[in-house]
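Novice: The structure's right below; bear with me while I get my questions together.
The values are calculated or read from the model by the stated rules, or taken from the named source; none is laboratory data. The structure displayed is predicted, hence computed values, not measured ones. Every residue, glycine among them, receives a Cβ derived from its backbone with ideal geometry; neighbour counts consider all protein chains shown.
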Amino acid sequence: MNAREKILAKISESNRKPDKAALSHHLEKHPRGPQPLAFDDLKKRFMERALKLSSDLVEAEEFSLAPGLIADYLRQKMLPMKGVCWPSLSHLPWMDAGLNIEARPAVNEDMVGITGAFCAIAETGTLLLLGGEKTPASVSLLPETHVAIVDPSRIVATMEDAWDLLRREFGKPPRTVNFISGPSRTADIEQTVTLGAHGPYRVLLVLAPSPRWKSP
C-alpha cells in the first residue's frame, strides 16, 4: 500500500459510522461530568424553570382538551385565532375550539405555530424538538407565538437524559434537533434583554398527557 492509499484508508476509516454496540461502548468509557442534585418532582421543576424563562403555562387533563386552552390563551392575548401546526397534530379538534389551524410548515405570514415536543428538560425548562416531515422545525421558529404541547411523562431531569432518551428511541438523531428555552432573546444591544430577536417572542406551554409520538 503506497502513501496515497494509506491516507485514503485512514479517511475512510474515520468516516465510517459506528454501530450501536460501538457507540454504547464509547459512551460507557466516557462517564458524565458533574450532575445537579436529583429533583424530587420533575414536572414542578420544569414548570418553575419555564416560568423564569418568560414562558406561559397551562395544564390540560386530557390531550384533546389542549385546543380549547390554546384558544382561550389566544383570545386573552388578542392574538389571531388561526395558525399552523405540525402535521402530526392535525387530528386534534381545532375547529371545535374555534381555531383555524392548518397542518403544514410555517411561512413568514403565520403568526401562531403549534408543536409537540420530543421531551422536556426539568433542569433548565427546555424543550427538545426533532425535525421531520410531520414535525417541521419552521412551525416553532417562524411565528411570533409558539405553542408547545408537552406530555408531563416526557419530562427528564437533564440534557444528558434527553440525549439518552433520543438514542434509545431513535438510535441516531434526525437531521434537525432543536433545544428551545423560552422565547427568543438577545442582549447584544446595550446589554438590554430583548425578546423575539431571532424567533418567537411569546411561548405557551400546554402540559397535557398525550399519545406517545415519534418524528419520522
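Novice: How many residues does segment 142-170 hold that are within 13 Å of the chain's Cα centre (by Cα), buried (at least 18 other Cβ atoms within 10 Å of the Cβ) and of a type outside the set (Val, Ile, Thr)?
Specialist: Matching residues across segment 142-170 total 6.
Novice: If Arg167 meets every condition in (1) out of contact with any Leu (no Cβ under 8 Å at 6 or more places or on another chain); (2) not in a loop (DSSP other than H, G, I, E, B) apart from one, which number is that one?
Specialist: Going through (1) out of contact with any Leu (no Cβ under 8 Å at 6 or more places or on another chain); (2) not in a loop (DSSP other than H, G, I, E, B) one by one, Arg167 breaks only (1).
Novice: Spot the failing condition for Ala66; the list is (1) of a type in the set (Gly, Ala, Ser); (2) in contact (Cβ under 8 Å) with a residue 40 or more places away in the chain; (3) surrounded by fewer than 15 Cβ atoms within 10 Å (Cβ to Cβ); (4) over 24 Å from Asp161 (Cβ atoms), and only one is missed.
Specialist: (3)
Novice: Take Leu141 and decide whether it is out of contact with any helix residue (DSSP H, G or I) (no Cβ under 7 Å at 6 or more places or on another chain), closer than 24 Å to Glu61 by Cβ and touching a residue at least 24 places away in the same chain (Cβ under 8 Å). Write out each step before concluding.
Specialist: On the way: out of contact with any helix residue (DSSP H, G or I) (no Cβ under 7 Å at 6 or more places or on another chain): yes; closer than 24 Å to Glu61 by Cβ: no; touching a residue at least 24 places away in the same chain (Cβ under 8 Å): yes.
No; evaluated as a whole, the condition is false for this residue.
Novice: Could you please find all residues in segment 91-138 being among the basic types (Lys, Arg) and modelled with pLDDT of 95 or more?
Specialist: Taking segment 91-138 and keeping what is among the basic types (Lys, Arg), we get 104, 134.
Across segment 91-138, the qualifying residue is only Arg104.
Novice: Just the residues that are surrounded by 12 or more Cβ atoms within 10 Å (Cβ to Cβ) and either part of a loop (DSSP other than H, G, I, E, B) or on the phi > 0 side of the Ramachandran plot (or both), please, taken from segment 92-109.
Specialist: Leu92, Pro93, Trp94, Gly98, Leu99, Arg104, Pro105, Ala106
Novice: Which is modelled with pLDDT of 65 or more and among the basic types (Lys, Arg), of Lys20, Lys10?
Specialist: Details: Lys20 fails: modelled with pLDDT of 65 or more.
Of Lys20, Lys10, the one residue that is modelled with pLDDT of 65 or more and among the basic types (Lys, Arg) is Lys10.
Novice: Considering only segment 123-139, how many residues are in a helix (DSSP H, G or I) and within 11 Å of Gly182 (Cα to Cα)? So that I can check it myself, show each step before the final result.
Specialist: Taking segment 123-139 as the starting set, the residues that turn out to be in a helix (DSSP H, G or I) are 138-139.
Now drop any that are not within 11 Å of Gly182 (Cα to Cα), which leaves none.
Adding up the residues that qualify gives 0.
Novice: Given the criterion modelled with pLDDT under 95, among the basic types (Lys, Arg) and outside any loop (DSSP other than H, G, I, E, B), identify the matching residue among Arg45, Arg75, Arg32, Arg4. If you could, list the steps in order and put the result at the bottom.
Specialist: Values: Arg45 fails: modelled with pLDDT under 95; Arg75 fails: modelled with pLDDT under 95; Arg32 fails: outside any loop (DSSP other than H, G, I, E, B).
On inspection, the qualifying residue turns out to be Arg4.
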